[in-house]
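**Student:** Here it is: the structure, laid out below.
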Ligand code: GUN
C-alpha cells in the first residue's frame, strides 16, 4: 500500500507556481491577483478562506479578501460581484460557499464573469468542461486528476466508481474521468439511491468517495489492489483536539488501506490539493491562458 501525500505534492506544486510567478514579475509582467468574498462567519469557510489567502502568499500572488456580514442582501452581494468583474486588476475571484439562505448561490455563481471564475462553477465553465473545451476546472476534481498523474496511476480503460453526485465534486469528477484527454476510464456514479452500491464499489479499480458520510467505505466495498481517493472532510466532535473536532474522511482508513495499492489520507490527501489547484487556475487567469 502506498500513501498518496497530497500535502507534499501541493507544497511542490506551489513552489513550481511561485517560481513561475517570480519569472513573470522579473520579466515585467503582472503579479496574479485572486480576490475572495466571504459572507458571514461559518467556521469551515473561515478556515478555507484563510488557507486560500496563505496559499496566495506562498505562490507570490496578490490577494484581496472582502468580508461581509450575513445580513448582506442578495442585491448588495451581486453588486460586489459586479465590481470584481469590472476590476481590471483582479484576474480571478471566488465567492466562498455556502451563502446565507436568503441569497441564491446559483444567481451569484452566474453573476461571476466566467473568464474570472477560477472556481470553475459558472455554467459556461461547467459546460465547456463537459465537452472537453479549455475552461476553469473545479479545484477538487482537478486536484485528484493531478494526484493520479503525479503518482503515475493508470486510469485508461480502468473501472472508476465515483461515490457522490454533487456539482462541485461528484459530477465534474465523473465527467473528467470518462474523457479521453483526462481519465479515459469506464465510469460509474453511485449515490444515496443507488441499488447494489456495495457491489459496484467492490468492482472499482479506482474508487473516489465524495459523499460526506464519515467512514462510509468499508473494507468489504474495496477490491484488492484498488486506488482509493477520499474526498470526505466531515468535522467530527473530538474532545482530545484543541479545536474540539477532527476531520473525518468517507473511508474507514484503517481497514481499507491494507487492501489498496494507493490511498489518500484525511487530512493531508485531497484537501491540500484543492487549494493548490485554485492557485493553478489563478495563475492561468493571470496569464490569460484559457480566455485570452
Ligand atoms: N465551499 C466548499 N468548497 C468550496 C470551493 O471549492 N469554492 C468555494 N467558492 N466555496 C466552497
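Read the figures in this text as sums done on the coordinates, not as results from a lab. None of these values were measured; they are calculated from a predicted model. Here the Cβ is made from the backbone with ideal geometry for all residues, glycine too, and neighbour counts use every protein chain on show.
**Student:** If you wrap a convex hull around the C-alpha atoms of region 118-191 and split its volume per residue, what is the figure in Å³? Provide the component values of the computation, followed by the final result.
**Tutor:** Details: hull volume 5.8 nm³, N = 74.
Given the Cα convex hull of region 118-191, per-residue volume reads 79 Å³.
**Student:** Return P(r) of region 1-59 (all Cα-Cα pairs; 5 Å bins starting at 0; whole %; ordered from short to long distances).
**Tutor:** 4, 15, 19, 19, 16, 13, 9, 4, 1, 0
**Student:** When the Cα centres of region 1-57 and region 127-174 are compared, how far apart do they sit, in Å?
**Tutor:** 20 Å
**Student:** Helix-only mean residue ellipticity at 222 nm, the chain, DSSP H runs n ≥ 4 weighted -39,500 (n - 2.57), per residue, nearest 500. What is it?
**Tutor:** Working: 10 runs with 114 residues, N = 292.
Calculated at 222 nm, the ellipticity per residue is -12000 deg cm²/dmol.
**Student:** Now a separate question. Compute the semi-axes of the equivalent ellipsoid of region 1-108, taking the square root of 5 times each eigenvalue of the Cα gyration tensor, and list them largest first in whole Å. Numbers along the way, then the final one.
**Tutor:** Working: eigenvalues 164, 84, 19 Å².
The answer is 29, 20, 10 Å, longest axis first.
**Student:** Using the scaling law 2.2 N^0.38 Å as the reference, what is the normalised Cα Rg of region 49-99?
**Tutor:** Normalised Cα radius of gyration, region 49-99: 1.23.
**Student:** Angle, helix 74-86 long axis vs. longest principal axis of the chain, Cα atoms, 0 to 90°, nearest 10?
**Tutor:** Rounded to the nearest ten degrees, it is 80.
**Student:** Under a GNM of the chain (C-alpha, springs under 10 Å), which listed residue has the highest mean-square fluctuation: 159, 115, 180?
**Tutor:** Looking only at 159, 115, 180, the biggest GNM fluctuation is shown by 180.
**Student:** Report for region 144-292 the percent antiparallel among DSSP-assigned beta bridges with both residues inside it, nearest 5. Intermediate results must be reported in sequence, preceding the final value.
**Tutor:** Working: 4 of 20 bridges.
Of those bridges, close to 20 percent are antiparallel.
**Student:** If you don't mind, another one. Could you give the Stokes-Einstein D for the chain in µm² per second, using the C-alpha Kirkwood radius, 37 °C, 0.692 mPa s? Could you put the intermediate results ahead of the total?
**Tutor:** Working: Rh = 19.7 Å.
Stokes-Einstein gives a translational diffusion coefficient of 166 µm²/s.
**Student:** Given that compact globular proteins tend to follow 2.2 N^0.38 Å, what is the ratio of the alpha-carbon Rg of region 127-253 to that value? Could the numbers behind the result be given before it?
**Tutor:** On the way: Rg = 15.0 Å, N = 127, 2.2 N^0.38 = 13.9 Å.
Output field value: 1.08.
**Student:** Then there's this: Let me check against my output: what whole-number percent is the relative contact order of the chain, with C-alpha pairs under 8 Å and at least 6 apart? Don't skip to the end; give the middle numbers.
**Tutor:** Values: 574 pairs, mean separation 63.2, N = 292.
Computed over the chain, the figure is 22 percent.
**Student:** Hey, fewest Cβ within 10 Å first, where do 146, 203 land in order? Can you show the working numbers first?
**Tutor:** On the way: 146 18, 203 15.
So the residues, fewest neighbours to most, are 203, 146.
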